[in-house]
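Q: Have a look at this one before I ask anything.
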Amino acid sequence: MELTDDDVLEILKLFEQSKFDFLQLEQGERKITVSKGGYAPAGVGGAGAAISSAASSAAAASPSPMPIPQPAAKPAASSIPDGLVVVTAPVVGKFYSAAAPSDPPYVEVGGKVAVGATVGLIEVMKVFTSIKTEIAGVIERILVSNGEFVEFGQPLFLIRPDAAARS
């Protein structure tokens, strides 16, 4: 039995909702490794063995008939200017900047946001998760494009907190 794209997305969704920090699944020649929060068990590492970051990741060993979407490069911690707060992806999935293709985006660079404001959506298996802010401020940068695949913990937005929020 071969895993389909939908099977892999369902596995990722269930893993994110679980209490587990690490999952390694092998089926024939295919190997999928997923971790949360940069967790890597002893002996896992090296090129192609796992993609480790401050986020959840998935990697597949070749040969694999199923394409695994590869997330965009993330800004390094040193490239995030001082004073800005990062809004990260709460789940793995496809990022949407608006509720519908005909709707305007939730936020734009320079736009003000309140605490708890929705700044985007992530879709996994036809289930949408709202991305909400934890601080009030101004959107300084949008780090992902509409329709882009994102991973758990991936930086999506940079917000400059309101002066009142910093005190």
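The values are calculated or read from the model by the stated rules, or taken from the named source; none is laboratory data. None of the values given here were measured: they were computed from a predicted structure. All Cβ positions, glycine included, derive from the backbone under ideal geometry; neighbour counts span all protein chains shown. Calculation scope for accessible area: heavy atoms of the full protein, side chains included, ligands and nucleic acids excluded. Shrake-Rupley method; radii C 1.70, N 1.55, O 1.52, S 1.80 Å.
Q: Considering only region 102-141, state which residues are out of contact with any Asp or Glu (no Cβ under 9 Å at 6 or more places or on another chain), at pLDDT 90 or above, open to solvent by 50 Å² or more (accessible area, probe 1.4 Å) and assigned to a loop (DSSP other than H, G, I, E, B).
A: Selection gives S102, D103, P104, P105, Y106, E108, A114, E134.
Q: While we're on this one: Could you give every pair whose Cβ atoms fall below 9 Å, whose first residue belongs to region 1-15 and is under 17 Å from K94 (Cα atoms), and whose second residue is polar (S, T, N, Q) and outside any helix (DSSP H, G or I), counting only separations of at least 6 or pairs across chains?
A: L12/S56; F15/S56
Q: Mind checking which pairs have a first residue in region 18-34 that is within 18 Å of V92 (Cβ to Cβ) and a second that is loosely packed, with under 13 Cβ neighbours inside 10 Å, Cβ under 6 Å, 6 or more apart or different chains?
A: Every condition considered, the pairs that remain are F22/P41.
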